[in-house]
Amino acid sequence: PEEQEGRKQALQPAIDEIMKNRGAVGGTVALIEGGEVTSTWEYGDAVKGSVKMTEDTKMRVASISKVIVAMNMLRMVDEGIVNLDESIGTYWGVPVYNSSYPDNPITLRSILSHTSSIAELSGYNNMGEKIRKNNIFRNTRPSDPASCSYCNFAFCVGGTTIEKAANKTITDISKEYFFDPMGIDAAFGSGLLKNKDLIASLYYADNSLARSKESMAKLVPSNVPGYSGSYMPGGLCISAKAYAKMVCILVNDGLYQGQRYLSEEAVQTMETPFCLTDYHGVQVTQCFPLKYNTNMYGEDGLYFHTGSAYGIYALFSYNPETRNGVVVLTTGASGACDEYGIYSVCGEVSEVLYGAANQLMRNMKTEEETDNIAEEVTVGVNG
């Protein structure tokens, strides 16, 4: 613990400098090492000029919400409640198909890979009516890699589909499967949080107010399962530290602190490569729904997902080989992207922390080798 605190203090200036240079009003960061959350860092304000950012500050995390929706889907697959390859119409009780390709079912798997052919529509409520109208599709073949196109509305459809299957809202599903047993205060809809005092306001890159803490505290979705898709693609409100705990489940092949939350098969499904896709001008591998790229931030390969909305720039990533990972949430920063297509403010922080984690691993290996040599010498002398 003393070494961790010393390293935390040593790295704080580097994180502060990155956040400042990128214009952030506030940011919060968590580091995962060996499958455990080991450190957090905070920068700036949760409410500009009046409330400081803390490790417990909760932010609307934009599109990295989709990964938590996916984890709930896969948990329901584990329990036999849904099937990734069944037509979603099974759970809505109506035929759901793309009229241009009636023999290709619209499945949860296709939604996870962004190949469902569902169009990017506005208006995320009254989802049952939209699905029954059956005019929500592009003229591309469902589940075809050539159909891959990132789609927020598709996750509205996917999230409300599992609500219909479970007859529970996405927040209630998440609380039952993950949040409550893991001691996490989070919700799809910040008005459902237990402690609304910890909500951060959101700011654009010019530092103007995007969403106030007070307005965020009033965001409460419908309690009717399957009605409101608004919060599925990006409406999760959670701290970086708590989100990192969720990432640990993926890092540890479904386990967190010895408790199983997903099967190994479920995690493998989420990590399975499906096709190449364009991400901010960079070719990356699309998985279900994670993305993957090689040689990022000093790592051989990282699974990752980003988020951006209302001034939020967010990134989580992890290396399944080292079991290290980083979660970065920022507000008010520049949206400039780096050579990997990642928001620079998030990527630069990640590179610093992966470097620190890898240096610690090298130091520990060196100490272990030194101890082994000393033990061999002692045994040789005594022998």
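Values as computed for the structure displayed
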item	result
Residue in the stretch 13-32 that is hydrophobic (A, V, I, L, M, F, W, C) and more than 25 Å from the chain's Cα centre (by Cα) present	no
Any hit, the stretch 93-113, residues being open to solvent by 30 Å² or more (accessible area, probe 1.4 Å), at negative phi and touching a helix residue (DSSP H, G or I) at 6+ places or on another chain (Cβ under 7 Å)	yes
Filter result for Leu329 (buried (at least 24 other Cβ atoms within 10 Å of the Cβ), in a loop (DSSP other than H, G, I, E, B), within 16 Å of the chain's Cα centre (by Cα) and at pLDDT 95 or above)	no
Filter result for Met232 (closer than 19 Å to Ala309 by Cβ, buried (at least 18 other Cβ atoms within 10 Å of the Cβ) and touching a Gly at 6+ places or on another chain (Cβ under 7 Å))	yes
Single condition Gly27 does not satisfy, out of (1) open to solvent by less than 20 Å² (accessible area, probe 1.4 Å); (2) free of Cβ contacts under 8 Å to residues at least 24 places away in the same chain	(2)
Scan of the stretch 45-69 for residues that are part of a loop (DSSP other than H, G, I, E, B), open to solvent by less than 10 Å² (accessible area, probe 1.4 Å) and either farther than 27 Å from Thr306 by Cβ or not hydrophobic (A, V, I, L, M, F, W, C) (or both), ordered by number	Thr57
Residue match in the stretch 124-146 (condition: among the hydrophobic types (A, V, I, L, M, F, W, C), open to solvent by 10 Å² or more (accessible area, probe 1.4 Å) and either under 19 Å from Ser228 (Cβ atoms) or touching an Asp or Glu at 6+ places or on another chain (Cβ under 9 Å) (or both))	no
Sole residue being open to solvent by 40 Å² or more (accessible area, probe 1.4 Å), part of a loop (DSSP other than H, G, I, E, B) and within 29 Å of Cys346 (Cα to Cα), chosen from Tyr227, Tyr150	Tyr150
Candidates Tyr313, Tyr318 - the one that is farther than 26 Å from Tyr203 by Cα and part of a strand (DSSP E or B)	Tyr318
Check on Asn72, in contact (Cβ under 8 Å) with a residue 24 or more places away in the chain, more than 24 Å from the chain's Cα centre (by Cα) and buried (at least 17 other Cβ atoms within 10 Å of the Cβ)	no
Criterion violated by Tyr279 - all others in (1) among the hydroxyl-bearing types (Ser, Thr, Tyr); (2) under 30 Å from Val47 (Cβ atoms); (3) open to solvent by less than 50 Å² (accessible area, probe 1.4 Å); (4) more than 14 Å from the chain's Cα centre (by Cα) satisfied	(2)
Test: residue in the stretch 255-265 that is farther than 16 Å from Ala30 by Cα, basic (Lys, Arg) and open to solvent by less than 30 Å² (accessible area, probe 1.4 Å)	no
Contacts under 8 angstrom Cβ, first residue in the stretch 93-117 being basic (Lys, Arg), partner buried (at least 22 other Cβ atoms within 10 Å of the Cβ), 6 or more apart	Arg109/Phe288
The stretch 335-372 - residue that is open to solvent by less than 40 Å² (accessible area, probe 1.4 Å) and polar (S, T, N, Q) and, of those, modelled with the lowest pLDDT	Asn358
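The values are calculated or read from the model by the stated rules, or taken from the named source; none is laboratory data. Predicted model, so just to flag it, every value in this text is computed and none were measured. As a convention, Cβ positions derive from the backbone with ideal geometry for all residues, glycine included, and neighbour counts pool all protein chains shown. These area figures cover heavy atoms from the full protein model, side chains too; ligands, DNA and RNA do not enter into them. Shrake-Rupley method; radii C 1.70, N 1.55, O 1.52, S 1.80 Å.
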